[in-house]
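Okay, so here's the structure we're looking at.
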Amino acid sequence: MQLSAKMYKQAFSSNVLLQPNYYMEVTMLSCHDVARYFLTKVDSDVGDLVSNLNLQKLVYYAQGLHLAIYDESLFPESIEAWQYGPVAPALYQAYKEYGSGAIERPLDVDFSLYDERTRSFLDEVYSFFGQFSAMKLANMTHEEDPWKKAPTNGVINLQSMKEYFRAWLKQYPERIKAVSISPQAEIVQKFEALAKKWELEVAGSSFVAEKYSHPAYQQIIAMGSAVIPLLLRELEQKPNHWFEALRTITGANPIQPEQRGRTKQMAQAWLKWGREHGYEW
């Protein structure tokens with residue numbers, strides 16, 4: 001897998017039900033497999049057509065959303081930031097003979113390559129993004145961080161795609177329903193609800209012990225190692241008293257004696273510990 005996913009490999013290691021591949025053993029597809037599946041959705045009788053430009057964007061969105069929902073790449077081939085948006089060079093070469101014209105619907109697709117989860121996911125991606133024209137899709141990608149922040153004609157960073165589309169899914173959760181059944185999404189939603197409840201209800205308290213004993217705080221601790229990267233993210237964005245939760249879950253205590261009582265320094269100590277232990281957030 002191209003994506004460095006130490007964060008969730010470690011986070012989910014203690015609970016097999018929360019591992020991204022729990023539901024089935026899946027062989028990674030290629031970008032060509034993904035493209036061919038999308039091409040089977042084309043109905044020329046109703047005026048559908050997919051050009052190389054359309055196809056590139058559909059495959060890009062599929063990769064980005066798969067990273068965001070399942071924390072793993074859908075296919076291993078790289079995507080680059082070309083003039084008209086994200087492009088998988090290997091895929092471009094395969095269909096460049098069509099120019100800007102419609103690509104023929106393949107008749108020999110082996111559907112056994114696609115497990116039920118993947119087919120459902122790709123159907124949702126096509127259902128939403130397949131409604132747009134090639135230029136509309138290109139313009140959409142030009143407004144998105146993964147393409148904007150990548151070097152011209154350079155590879156688009158997978159981490160950038162994952163982060164962008166996670167935020168996109170939070171803003172538009174109804175567009176890709178697969179996110180509603182993602183174990184990762186369920187963990188994040190539960191954590192965020194508990195964290196918000198805890199922060200609201202202990203905001204006026206100056207007693208650290210009271211903060212740590214709050215039921216919502218204890219429920220977060222009970223979630224175990226899955227919430228470590230989420231706690232680290234919270235510390236980076238707005239340092240707060242998540243130190244006891246991290247200490248209880250990990251058994252570690254990177255805070256030095258001279259840092260005690262200094263919230264920002266304590267947060268930095270834990271963030272350093274997280275990076276040293278391979279977590280990403």
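Just so you know, all these numbers are worked out from the coordinates, no wet-lab data involved. As the structure is a computational prediction, the values presented were derived from the model and not from experiment. Every residue, glycine as well, gets a Cβ built from its backbone with ideal geometry; the counts of neighbours run over all protein chains shown.
Set Lys and Arg Cβ to +1 and Asp and Glu Cβ to -1, take the dipole of the chain about its Cα centre, and tell me which of A94, A203, Y126 lies farthest positive.
The residue sitting most towards the positive pole is A203.
Percentage of Cα-Cα pair distances in the chain greater than 30 Å, rounded to whole percent? Can you show the working numbers first?
Details: 15345 of 39340 pairs.
Percent of Cα pairs beyond 30 Å in the chain: 39.
When a footprinting reagent is the concern and you count Cβ atoms within 10 Å, what order do L107, L113 take, fewest first?
Working: L107 6, L113 16.
Final ranking by Cβ density, sparse to dense: L107, L113.
At what distance in nm do the modelled label points of L113 and A222 sit from each other, each positioned 7 Å from its Cα along Cα→Cβ?
Placing both labels 7 Å beyond Cα along the Cβ direction yields 4.6 nm.
What do you get when you divide the Cα radius of gyration of the stretch 112-154 by 2.2 N^0.38 Å, with N the number of residues? Walk me through the intermediate numbers first.
Working: Rg = 13.9 Å, N = 43, 2.2 N^0.38 = 9.2 Å.
Taking the Cα Rg and dividing by 2.2 N^0.38 Å, one obtains 1.52.
Can you give me the convex hull volume of the Cα atoms of the stretch 79-165, divided per residue and expressed in Å³?
Details: hull volume 11.3 nm³, N = 87.
Hull volume normalised by residue count: 129 Å³.
For a protection proxy built on the mean count of beta-carbon atoms within 10 angstrom, sort 91-104, 223-236, 164-177 highest first, please.
With the highest mean Cβ count within 10 Å placed first, the list reads 223-236, 164-177, 91-104.
Please report, in Å, the Rg and the Dmax of the stretch 191-261, where both are computed over Cα atoms only.
11.7, 33
First measure r as the distance between the Cβ atoms of K238 and E258, then evaluate 1/(1 + (r/R0)^6) with R0 = 22 Å and state the FRET efficiency to the nearest 0.05. List each step's numbers first, then the result.
Details: r = 23 Å, r/R0 = 1.05.
That gives a FRET efficiency of 0.45.
Kindly state, to the nearest 0.05, the FRET efficiency for T152 paired with S100, given R0 = 22 Å and r defined as their beta-carbon distance.
On the way: r = 22 Å, r/R0 = 0.99.
The calculated FRET efficiency here is 0.50.
How big is the equivalent ellipsoid of the stretch 142-281 along its three axes, where each semi-axis is √(5λ) from the Cα gyration tensor, reported in whole Å from largest to smallest? Before the final figure, lay out the partial values.
Working: eigenvalues 184, 79, 35 Å².
Rounded to whole Å, the semi-axes are 30, 20, 13.
What order do you get for T141, T152, T250 when you list them from fewest to most C-beta neighbours inside 10 Å?
Numbers: T141 22, T152 8, T250 16.
Lowest count first: T152, T250, T141.
To the nearest 10 degrees, how steep is helix 183-202 against the longest Cα principal axis of the chain, on a 0 to 90 scale?
Between the helix axis and the principal axis of the chain, the angle is about 40 degrees.
Let me understand the stretch 114-209 better: what is its radius of gyration from the alpha carbons, and its Dmax, in angstrom?
Rg then Dmax for the stretch 114-209, in Å: 18.3, 58.
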